[in-house]
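Comments concern the structure below.
The values are calculated or read from the model by the stated rules, or taken from the named source; none is laboratory data. Keep in mind that this is a model prediction, so the values were computed, not measured. Here Cβ is always computed from backbone atoms with ideal geometry, including for glycine, and neighbour counts include all displayed protein chains. Remember, those area values only see protein heavy atoms, side chains included, never the ligands or the DNA or RNA. Shrake-Rupley method; radii C 1.70, N 1.55, O 1.52, S 1.80 Å.
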Amino acid sequence: MNDPRTLLVRAVMFDWLGQLLILALVMLFPRLAGLPSDGMTLFSQTGWLLFMVLLYPALGWLFGSYTVLRWRRLTLPVLLQRLLLTAVATLMVVAIVRWLLNPGVELWLVHRRVQLLWMTGVSGWAFAVRLAMRRGLLLPESPRLFLLAEPDEIAQVMRAWKRVPERQRLWPTQPEVLLERMKRMDEPLLLAITPALRQHSELLPLLECSETSDPREIRMLSLLSLFQQQQERLPPAFIGQDGLAYDDLPWAATFSVQAQLKRMADLLVAAALLLITFPFVVISALLIWIEDQGPVFYTQQRSGWLGRPFWVIKLRTMSVQPSHEPPSWTKPGDRRITSVGGWLRRFRIDELPQLFNVLKGEMSLIGPRPERPEMEQELERQIPHYRKRHWMRPGLSGWAQVCAPYASSVEDSDLKLSYDLYYLLNFSTWLDLVILFRTIKTVLKAGGR
């Protein structure tokens, strides 16, 4: 499939177009909505129109009607379910806002019949758009992916590729086999070549095809570039010993504007969030104490920037553990998690006290999650390049947190590190905003653990 952000932007643009087209039809045939046939104008309803145009895609993003575009198979019942949820939620939010503001009858845009017709038409339009996008009618054809590797490399690469849900299938093959298959294919090709195979003479015919003789688009790229483009991560096992240096990082420059903006945003947003969420923290602390009369807060040493230890503070979500008990992974259904703690973890409320760590400069809002030093010793022995995640301040949320499940094993930590390394190499203000919005989505959907 195409880049997920390109899919999102284009889908939103088409949804906006559909909203305006359906609204235009309502204005052309007002009797369908029980409206008078004259005096139809939008000049007095600009605010409501803007609200609706922004509300529908926002709720569509929240309920995953854009996420399905990245799936390898488009499941029609799930797509219909998500579009229906988006339409129903939009109608409910408009009804609540209308009840709160109590606008006059001249604001025909929020009439029940207009809203029902509008959302029904927009849902049908959105369904057709998503089918068309998945079938290549509204987007350029996606290239077919092939892996050119030595036979003993294929199993390792394919195992890493299948660690995450496949957006597009990767076909392992050999140069001579691919040349034969190309005679029966006419779609664009994307060829990922491992370092071990790059020097082989069998690649020369493919290079000639990509440069001159073949009319199709044939692109060649490295194995790491394939994972970056298609899965937005960098598996540490495929990075050479000198494959990622500190000077390669976007903020390594002496005067990095984006790094300065990041720190300024950390201070401003953390201070604002502390003020806004203070009542939730107080109520949560009270519920924690009522449940078992134990301590409300929980402090733990974590590894920070360049491996420097610091003390992180959280609301306690587990029963009080003996001090001599060795550290262990938190697993799904962990019995140590209290009843109140389970709800706090779902909405990430237990993380809010870490905003003080952000203000102190020990953490950032966005970055690799800090880990316990005693557990990192084992992870460093088993996972290459693990310490490179310390090249940036740890964060409340991060690319690994919004892309990968909660780490409960060394294998899970290896997967999360691949996302952390991608973030280190591709850090930008835009990527931080993407992580922020995806974190908000997790919180609103109670998707924490």
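Structure above, values below:
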{"item": "Expected 222 nm ellipticity per residue - DSSP helices of 4 or more, -39500 (n - 2.57), all of the chain, to 500", "result": "-16000 deg cm²/dmol"}
{"item": "Accessible carbon and sulfur surface of the range 406-449 relative to its total accessible area, %, 1.4 Å", "result": "64"}
{"item": "For the chain, accessible area per residue (1.4 Å probe, heavy atoms of protein chains only), Å²", "result": "53"}
{"item": "The range 308-400, accessible surface, carbon-and-sulfur percent (1.4 angstrom probe)", "result": "55"}
{"item": "Most mobile of A58, A270, A252 in a GNM of the chain (Cα contacts under 10 Å)", "result": "A252"}
{"item": "Contact order relative to length of the chain, as percent, for alpha carbon pairs under 8 angstrom and 6 or more apart", "result": "13"}
{"item": "GNM top mover of N357, N426, N102 - the chain, alpha-carbon springs below 10 Å", "result": "N102"}
{"item": "Among L379, L267, L100, residue whose mean-square fluctuation peaks in a GNM of the chain (springs only between Cα atoms under 10 Å)", "result": "L100"}
{"item": "Kyte-Doolittle at least 1.0, axis length at least 15 Å by Cα - qualifying DSSP helices, the chain", "result": "4-28, 46-62, 76-101, 257-292, 429-444"}
{"item": "Distance cut-off 24 Å, percentage of C-alpha pairs in the range 320-449 lying past it", "result": "30"}
{"item": "Virtual paramagnetic centre 7 Å along Cα→Cβ of L20, amide N under 13 Å, in the range 48-64", "result": "50, 53-54"}
{"item": "Identified option (computed Cα extents along the principal axes in Å; candidates (i) 74, 72, 45; (ii) 69, 57, 52; (iii) 70, 50, 42)", "result": "(i)"}
